[in-house]
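J.: A single structure is presented below for examination.
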Amino acid sequence: MKIVLLGPPGAGKGTQAKSICNRLSIPHISTGDIFRKHISENTSLGIEAKKSIDKGQLVSDELTIRIVLERLKNEDCKSGFLLDGFPRTVVQANALDSFLETEGQKLDTTLLIDVPKDFIIERMSGRRVCLTCGASYHIKFNPPIFEGKCDICGSDIIQRKDDEEKTVRERLDIYNQQTEPLIKYYRDKGILAVIDGTQAINDVFKNICKVLGRDN
């Protein structure tokens, strides 16, 4: 099965991607993982990607397409894959469709884990993490026994910069600008399935399995 996974930051895509790939025995193709691999191995593609990343810019459509399509040519993708973080734009979506067409294949479905903006802001901005042992908390849903202190080791717990409300709002704005056209693109193709991401993790996965016909 060939799947594209969409969803805003904080929607739980990473958790669901692992569960889906385990259930279907298909590889999880994450653009972030691919970029890191190429950069760590100092490949020509990695060197190009690092230039953009170091400037705080998104990697170009052209380079992203080259890197991801090269990965999809691997043998482990022949029977299926789950794409996470790609396509990011309609240009990338068109390139993916063209590539699959030349391979005599096509996408089976696009899963959108839908979570309202206010829900994500509350979920992410409330996160806290221990500086020493890495334990995670949430000021509303999973608070520590003593405010500001880790239950496990007693060290200070902090809010990461990525979880600050201003940062979360900026990330969501970028996501909405990029992804709205993609949602329409896949809806028009008739392969978009929308999943309510505000539910418990297990319930989200159960609903995904129903969409995929793997709920038994």
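J.: Among residues belonging to the range 126-141 that are in a strand (DSSP E or B) and among the hydroxyl-bearing types (Ser, Thr, Tyr), point out the one that is modelled with the highest pLDDT.
T.: Let us first name the residues in the range 126-141 that are in a strand (DSSP E or B), namely 127-130, 136-138.
Narrowing the set further to residues that are among the hydroxyl-bearing types (Ser, Thr, Tyr) leaves 136-137.
Values: Ser136: 92, Tyr137: 95.
For the range 126-141, the residue satisfying everything is Tyr137.
J.: Within the range 156-177, which residues are surrounded by 15 or more Cβ atoms within 10 Å (Cβ to Cβ) and not basic (Lys, Arg)?
T.: Once the filter is applied, which keeps residues that are surrounded by 15 or more Cβ atoms within 10 Å (Cβ to Cβ) and not basic (Lys, Arg), the range 156-177 yields Ile157, Gln159, Asp163, Thr167, Val168, Leu172, Tyr175.
J.: Okay, moving on. Determine which member of the set Gly104, Gly56, Gly134, Gly80 is of a type in the set (Gly, Ala, Ser), within 21 Å of Ile191 (Cβ to Cβ), surrounded by fewer than 19 Cβ atoms within 10 Å (Cβ to Cβ) and out of contact with any helix residue (DSSP H, G or I) (no Cβ under 8 Å at 6 or more places or on another chain). Walk me through it before giving the result.
T.: Values: Gly56 fails: within 21 Å of Ile191 (Cβ to Cβ); Gly134 fails: within 21 Å of Ile191 (Cβ to Cβ); Gly80 fails: out of contact with any helix residue (DSSP H, G or I) (no Cβ under 8 Å at 6 or more places or on another chain).
Unique residue meeting the criteria: Gly104.
J.: While we're looking at this one, here's another question. Any idea which of Thr64, Thr102 is under 19 Å from the mean Cα position of the chain (by Cα) and farther than 27 Å from Ile201 by Cβ?
T.: Numbers: Thr102 fails: under 19 Å from the mean Cα position of the chain (by Cα).
Just a single option satisfies the conditions, and that option is Thr64.
J.: Counting residues that are more than 23 Å from Asp163 (Cα to Cα), among the hydrophobic types (A, V, I, L, M, F, W, C) and at pLDDT below 95, which helices (runs of 4 or more DSSP H) fully inside the range 41-121 reach at least 3? Spell out how you get there, then give the answer.
T.: Working: elements: 44-54, 61-72, 90-102.
It comes to 44-54, 61-72.
J.: Need the failing condition index for Leu5 against (1) in a helix (DSSP H, G or I); (2) at pLDDT 95 or above; (3) closer than 24 Å to Asp163 by Cα, just the number.
T.: Checking Leu5 against (1) in a helix (DSSP H, G or I); (2) at pLDDT 95 or above; (3) closer than 24 Å to Asp163 by Cα, the one that fails is (1).
J.: Follow-up. In the range 143-179, how many residues are touching a strand residue (DSSP E or B) at 6+ places or on another chain (Cβ under 7 Å) and in contact (Cβ under 8 Å) with a residue 40 or more places away in the chain?
T.: Adding up the residues that qualify gives 1.
J.: Only one of Pro181, Pro144 is modelled with pLDDT under 95, outside any strand (DSSP E or B) and not basic (Lys, Arg); which? Can you show your working first?
T.: Details: Pro144 fails: modelled with pLDDT under 95.
The match here is Pro181.
J.: So how many residues does the range 72-99 have that are within 17 Å of the chain's Cα centre (by Cα) and over 24 Å from Glu180 (Cβ atoms)?
T.: Selection size over the range 72-99: 1.
J.: State all residues of the range 17-40 that are assigned to a helix (DSSP H, G or I) and among the hydrophobic types (A, V, I, L, M, F, W, C); if no residue qualifies, say none.
T.: To start, the set of residues in the range 17-40 that are assigned to a helix (DSSP H, G or I) comprises 17-24, 31-40.
Across the range 17-40, the qualifying residues are Ala17, Ile20, Cys21, Leu24, Ile34, Phe35, Ile39.
J.: Given the conditions (1) under 26 Å from Ser125 (Cα atoms); (2) surrounded by fewer than 14 Cβ atoms within 10 Å (Cβ to Cβ), and given that Arg214 satisfies all but one, which numbered condition is not satisfied?
T.: Among (1) under 26 Å from Ser125 (Cα atoms); (2) surrounded by fewer than 14 Cβ atoms within 10 Å (Cβ to Cβ), the lone unmet condition for Arg214 is (1).
J.: Which pairs do you get when a residue that is closer than 29 Å to Leu63 by Cβ and without any contact (Cβ under 8 Å) to a residue 40 or more places away in the chain, found in the range 96-122, comes within reach of a residue that is of a type outside the set (S, T, N, Q) and assigned to a helix (DSSP H, G or I), reach meaning Cβ atoms under 6 angstrom, with the pair 6+ apart or on two chains?
T.: Phe99/Leu69
The values are calculated or read from the model by the stated rules, or taken from the named source; none is laboratory data. Values in this document were obtained by computation on a predicted structure and should not be read as measured data. Note: ideal-geometry Cβ built from the backbone for every residue, glycine included; neighbour counts use all protein chains shown.
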